[in-house]
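The values are calculated or read from the model by the stated rules, or taken from the named source; none is laboratory data. None of the values given here were measured: they were computed from a predicted structure. Note that each Cβ is placed from the backbone with ideal geometry, even for glycine, and that neighbours are counted across all protein chains shown. These accessible areas exclude ligands, DNA and RNA; they are computed on the full protein's heavy atoms, side chains included. Shrake-Rupley method; radii C 1.70, N 1.55, O 1.52, S 1.80 Å.
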Amino acid sequence: MMSKAGLCQLVCIILLAAFIGFSFFGEENTVKTADEIAAEVTEGMNLDGLERFDSERLLSQLGVSGENFESFVYYGSEDIMDVREILVIKAGEDCDTDSVTSLLVKKAEEKYNTYKDYDPVASALLEKRVIQVSKGAIIYMVHDDASVGLDAFLRCVEE
């Protein structure tokens, strides 16, 4: 029969082996930057009227701080009636992607509720929004070509 110390050592070794195994075999984050991902996502998309915004604008528009990410690219419009947005985030190791996506969903629903009674085109676009997380990257899109952008995003982060 094994002593308590021996049993404790065995349990510690098993837990260490499991931790190492999960570390090596878990989903790897993409090596691409947000700029590289955004370039592939937006290729061929109509970006007329959209401009690239900084961290301050990201915070004011979506309530997300760019300082929490390894990198990000955010396109939006100065025109309040233009609801199109494209946000690509390279999350980084300490980023809680679930919290970020929950916040993005909440903001999109708030915008939808704002537009639904007086702009059916904007509200329809907001209903078709895309929010996806894959390999440590997040995409949020409100755009006519969101499904094309999502396909490009998924291909890009898998490379």
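Quick notes on this one:
- Of all positions in the stretch 74-85, at least one carries a residue that is touching a Phe, Trp or Tyr at 6+ places or on another chain (Cβ under 7 Å), under 18 Å from ASN46 (Cβ atoms) and aliphatic (A, V, I, L, M).
- Every condition in (1) closer than 23 Å to VAL31 by Cβ; (2) over 12 Å from the mean Cα position of the chain (by Cα) holds for PHE72 except the one numbered (2).
- GLU28 modelled with pLDDT of 85 or more and not aromatic (Phe, Trp, Tyr): no
- Selection from the stretch 44-66 of residues that are of a type in the set (S, T, N, Q) and open to solvent by 40 Å² or more (accessible area, probe 1.4 Å): ASN46, SER60, GLN61
- Helices (runs of 4 or more DSSP H) wholly inside the stretch 67-159 containing at least 1 residues that are hydroxyl-bearing (Ser, Thr, Tyr) and exposed (fewer than 13 other Cβ atoms within 10 Å of the Cβ): 97-115, 146-158
- Per-region count, the stretch 117-149, residues aliphatic (A, V, I, L, M) and touching a helix residue (DSSP H, G or I) at 6+ places or on another chain (Cβ under 8 Å): 10
- Taking residues in the stretch 42-55 that are over 17 Å from GLU70 (Cα atoms), and partners anywhere that are open to solvent by 50 Å² or more (accessible area, probe 1.4 Å) and outside any loop (DSSP other than H, G, I, E, B), the pairs with Cβ atoms closer than 8 Å and at least 6 places apart or on different chains are GLY44/VAL148; MET45/VAL148.
- In the set (1) among the polar types (S, T, N, Q); (2) in a helix (DSSP H, G or I); (3) under 15 Å from the mean Cα position of the chain (by Cα), THR30 fails one condition alone, (2).
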